[in-house]
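Rule-based calculations on the coordinates, nothing more; no lab input. None of the values given here were measured: they were computed from a predicted structure. Don't worry about glycine lacking a Cβ; one is built from the backbone with ideal geometry, like all the others, and counts go over all protein chains shown.
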Ligand code: PSU
Ligand code: MN
């Protein structure tokens, strides 16, 4: 398995000799008949959730999509092939193989050329899903602007990619480990639309409300589909639509516990010098451990709700008149 950090690009296996983007038969067939399809990311499975729970979750998310009458398309790069729609064994590999890399958009080409394997983040997934012709994507939280941006300039590539990709992303906002107001500001600057789903507050991922407002609210999947149709009718610059879907209040993390453990987690990351791609998985694992699993339950409730809503939107979108 090719998992080295710096890999000489092999000349023996030029990309042109293998299909760069492979759709599963089920996904290709669904797209061909304009049936609803929902893209799912794999980083949340491989790097965002503890084993072995992550495999159960990967399967559960696919089931939620199916139960809503849509086809799940989990996205990953396996042995140098970008895959949209995974088989049962491939989903298991995403959950179980600890050597999988984390692939953002910019990592896709080197990973393909090297024959490498990795899980795709929101930016990697949104790019590949849109290339495959998928319009709706359900996930947990977006990457965003990290706290301390002034000194390290750590801003997730998710934001820039969503500024130039026509896809609807259902998420529970961004994790509070990030700088939420700065992330919303960047989305505004980049021209990415944000709809609160049933709320005029931006959700706080583990919390129902981040404390920040949003300018637009959608009340049902029909209204989201109407905004998507208007994006297309306007044409011009392609950008994403973020549907910010709050975790139900009765399933949120206790706000006092949240604030206390988050402060400790940020201090621990600082002390241990964790930065770059490693910071998000580090903070997530810290929160899970120090809330004794409560943050994980809130996280899962948010993801489940988002994937179910994404499926409803995809179903509604597939019914639009052509
Ligand atoms: N938020 C979560 N769980 C995750 C991530 C974000 O609740 O697993 C992952 C997503 O894949 C997201 C990525 O795209 O982290 C952002 O990483 P970075 O900050 O390195 O761009
Ligand atoms: Mn980053």
- Item | For the chain, convex hull of alpha carbons as volume per residue, Å³ | 134
- Task: Report the calculated FRET efficiency for residue 89 and residue 278 (r = Cβ-Cβ distance, R0 = 35 Å), to the nearest 0.05.
- Result: 0.80
- Message: Between residue 249 and residue 22, what's the calculated FRET efficiency when r is the beta-carbon distance and R0 is 51 Å? Round to 0.05.
- Response: 0.80
- With the calculation restricted to Cα positions, what are the radius of gyration and Dmax of the stretch 143-250 in angstrom? 13.6, 43
- Message: Take residue 99 and residue 237, extend 7 Å from each Cα along the Cα→Cβ direction, and tell me the distance between the two endpoints in nm.
- Response: 4.3
- Task: Sort 287, 190, 61 so that the residue with the fewest other Cβ atoms within 10 Å of its own Cβ comes first and the one with the most comes last.
- Result: 190, 287, 61
- Message: For the pair residue 63/residue 190, report the inter-label distance in nm, with labels modelled 7 Å from Cα in the Cβ direction.
- Response: 3.4
- Item | Contact order relative to length of the chain, as percent, for alpha carbon pairs under 8 angstrom and 6 or more apart | 19
- Choose one answer from 236, 104, 80: the residue with the largest mean-square fluctuation in a GNM of the chain with alpha-carbon springs under 10 Å. 236
- Message: Mean-square fluctuation check for the chain, GNM, Cα pairs under 10 Å: which of 227, 81, 150 is largest?
- Response: 150
- Assign one of three labels to the stretch 36-140, namely rounded, prolate or oblate, based on the Cα gyration tensor with a ≥ b ≥ c the square roots of its eigenvalues; rounded applies when a/c is under 1.5, prolate when it is not and a/b is larger than b/c, and oblate otherwise. oblate
- Which percent, to the nearest 5, of DSSP beta bridges fully inside the chain are antiparallel? 30
- Note on the structure: Note: residue 166 to residue 109 extended length (0.36 nm per residue) minus current alpha-carbon separation gives 18.5 nm
- In whole angstrom, note down how far apart the Cα centers of the stretch 121-185 and the stretch 238-289 are. 14
- Please report 205, 105, 127 as a ranked list, fewest other C-beta atoms within 10 angstrom at the top and most at the bottom. 105, 127, 205
- Message: Quick check: residue separation of residue 200 and residue 319 times 0.36 nm, minus the Cα distance between them. What number comes out in nm?
- Response: 40.1 nm
- For the stretch 122-251, calculate the relative contact order in percent as a whole number, restricting contacts to Cα pairs under 8 Å that are 6 or more residues apart. 28
- Note on the structure: If R0 = 35 Å, then residue 267 and residue 227, at their Cβ-Cβ distance, give a FRET efficiency to the nearest 0.05 of 0.30
- Note on the structure: Taking Cα atoms only, Rg over Rh for the stretch 189-322 with Rh from the Kirkwood formula is 1.05
- Note on the structure: Semi-axes of the stretch 247-320 from the Cα gyration tensor (sqrt of 5 times each eigenvalue, largest first, whole Å) come to 31, 16, 8
